[in-house]
Every structure is written in C-alpha cells, then in structure tokens.
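Worksheet for the structure shown next.
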Amino acid sequence: MAAAAIIVMPKKKPLPAGLPREWYESHNRRLKAMRLAISLLDTGTYDAKRATNRKIRTMAVRVGIHRPSNLTCRMVRAFITAHS
C-alpha cells in the first residue's frame, strides 16, 4: 500500500512595497493567466487555438477565479503556446 504524499505549500512572500500600481496589476494578471493555463493544460487543452475566451472563462468558473478579461485570455493562450 502506497503512502499518501504530503504536499507542503511554500510560505508566500509579501510583494515589494512602493512599486507603481500598474506593476501590481500586471503581476496579478500574470499569476491569474498562469493558473488558468495550467488548469487548461491539465484538462487536455494543449493547443492555443482551442483555448477560446469562452473555454478559458468556463475554466475560471470551475477553478473559482474571477472572470478573466480579454487581455488575460490572450496571456493564457500565450502561456499555452510557450509550453508547446
């Protein structure tokens, strides 16, 4: 009988203070796009052409992420393309 693996999540470091608001917005957008891209890859969507805005937004609902914008959807497709 195999023992269950224990996953220890690393502690999150606080974001650096004093940067422009745009930096924080783009940083969070990249994180959101990466989470969505990983979820899509896990479900078998390996082609960026098949990752439509509708499919990405449906995945966001399934994962519990707020509805992504068109720009975030483009970033998700870019991450999937970079993976290929």
Quick one: would you say residue 59 is open to solvent by 40 Å² or more (accessible area, probe 1.4 Å) and among the aliphatic types (A, V, I, L, M)? no
Selection from the range 11-43 of residues that are outside any helix (DSSP H, G or I) and among the small types (Gly, Ala, Ser): 17, 18
All but one of (1) assigned to a loop (DSSP other than H, G, I, E, B); (2) surrounded by fewer than 10 Cβ atoms within 10 Å (Cβ to Cβ) hold for residue 46; which doesn't? (2)
Can residue 61 be described as free of Cβ contacts under 8 Å to residues at least 40 places away in the same chain and of a type in the set (Val, Ile, Thr)? yes
Being in contact with a helix residue (DSSP H, G or I) (Cβ under 8 Å, 6 or more places away or on another chain) and of a type outside the set (Ser, Thr, Tyr) is the filter here; which residues of the range 25-48 pass it? 29, 30, 32, 33, 34, 35, 36, 37, 40, 41, 47, 48
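The values are calculated or read from the model by the stated rules, or taken from the named source; none is laboratory data. The structure presented is a predicted model; accordingly, all values stated were derived computationally and were not measured. Glycine gets a Cβ as well: all are built from the backbone with ideal geometry, and neighbour counts include every protein chain shown. What goes into the accessible areas is simple: the full protein's heavy atoms, side chains included, and nothing from ligands, DNA or RNA. Shrake-Rupley method; radii C 1.70, N 1.55, O 1.52, S 1.80 Å.
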